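Peer 1: First the structure, then my questions, so here it is.
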Amino acid sequence: MSEQDKYAVFGYPIKHSKSPRIHSLFAQQTDQNLVYTAEEVPAENFAETAKDFFKHGGCGINCTVPLKELAFKFADQLTERAQFAKAVNTLVVEIDGRVLGDNTDGVGLVRDLTVNHHIGLAGKRLLILGAGGATRGIIEPLMAENPVQIVIANRTVEKAINMAAEFANVDLPGFKNLEGLVHGCGFAELENRQFDLILNATSASLSNDLPPLPPNILAENGCCYDLAYGNEPTAFVKWGLENHAAKSLDGLGMLVEQAAEAFYLWRKVQPNTQTVINLLNSERK
Ligand code: ATR
């Protein structure tokens, strides 16, 4: 048997990562001969460990918290979406030996929303809670779906305003009327406003916490989506259910979809995500 191609997810901590499972399922499904491991890599060792991995035959790396910004700096070249995100979750060695950095998080989110859950974004009012790295990674792919408005609300108001300003002048081919599309504010400014989709991109979920949201902020038939996921519904998913969201979802589907996009980048084969999502869902009930 030929030697297996080596891939890994780097993160810190990494013990609970579902990525090795997801990629092994993809590999089985598509008959790809590869091995995918989880490596606990502290930030200070990232560059050295990544170089070493590639030197010893590694073909690709996924990077998770807190390494995505370091991976962005590490890559020799970047896809356009990684440049927008200023973060990289997928590294791949190209034929010429250079390392390409990509960010598949945003496309993973959009696919989970639009393809898996049939939540259309065109003409919709979107609210993103949080203005950290997770938000940065999803704005441009969301903009590309033609929503009518994207509001970024954050505890530290300045960060939301700065991020919105950064995306206000983005040059997207075929896009008109971008001015005013993205707006940054604090949570207090959300009073008396309504949104069709609220995305939680804060890390509040991790501590089972919730940003302060005014009542009636969710429009009729509006949906909620938490970029985080867990075995139990997150605080934000519960909030959505309590506030009559048509759908209140967590980020498990996004996780599988971003993995599928990385897998495609590496192997040029598109795995079937729905069977993997169904399996992971069945395991957490
Ligand atoms: P990530 O890369 O996961 O986005 P991050 O860059 O540290 O992580 O950003 C975390 C985000 O969650 C920030 O927007 C943070 O708000 P601040 O910028 O004000 O710190 C937000 N956040 C974290 N805990 C929160 C809480 N309990 N309530 C509201 N927002 C919270």
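Peer 1: Test A144 against the criterion of being under 16 Å from the mean Cα position of the chain (by Cα) and at pLDDT below 95, and give yes or no.
Peer 2: For A144, the condition - under 16 Å from the mean Cα position of the chain (by Cα) and at pLDDT below 95 - is met.
Peer 1: Mind telling me which of the residues K86, K15, K73 ends up being in contact with a Lys or Arg (Cβ under 8 Å, 6 or more places away or on another chain), of a type outside the set (F, W, Y) and over 30 Å from N221 (Cβ atoms)?
Peer 2: K86
Peer 1: Tell me the strands (runs of 3 or more DSSP E) entirely within the stretch 1-73 that contain at least 2 residues that are crowded, with 22+ Cβ neighbours inside 10 Å.
Peer 2: 5-11, 58-63
Peer 1: Further, regarding this structure: Could you run through the stretch 104-159 and say how many residues are more than 10 Å from the ligand (Cβ to nearest atom) and at positive phi?
Peer 2: 3
Peer 1: Go over the candidates V99, V110, V88 one by one and state the one that is surrounded by 18 or more Cβ atoms within 10 Å (Cβ to Cβ), more than 17 Å from G11 (Cβ to Cβ) and assigned by TED's automatic domain parsing to the domain that holds K51.
Peer 2: Going through V99, V110, V88 in turn, just one is surrounded by 18 or more Cβ atoms within 10 Å (Cβ to Cβ), more than 17 Å from G11 (Cβ to Cβ) and assigned by TED's automatic domain parsing to the domain that holds K51: V99.
Peer 1: Has the stretch 231-252 got any residue that is more than 14 Å from the ligand (Cβ to nearest atom), basic (K, R) and within 20 Å of the chain's Cα centre (by Cα)?
Peer 2: So far as the stretch 231-252 goes, yes, one or more of its residues are more than 14 Å from the ligand (Cβ to nearest atom), basic (K, R) and within 20 Å of the chain's Cα centre (by Cα).
The values are calculated or read from the model by the stated rules, or taken from the named source; none is laboratory data. From a predicted model like this one, the values you see are computed outputs, not experimental measurements. Backbone-built Cβ (ideal geometry, glycine too); neighbour counts: all protein chains shown.
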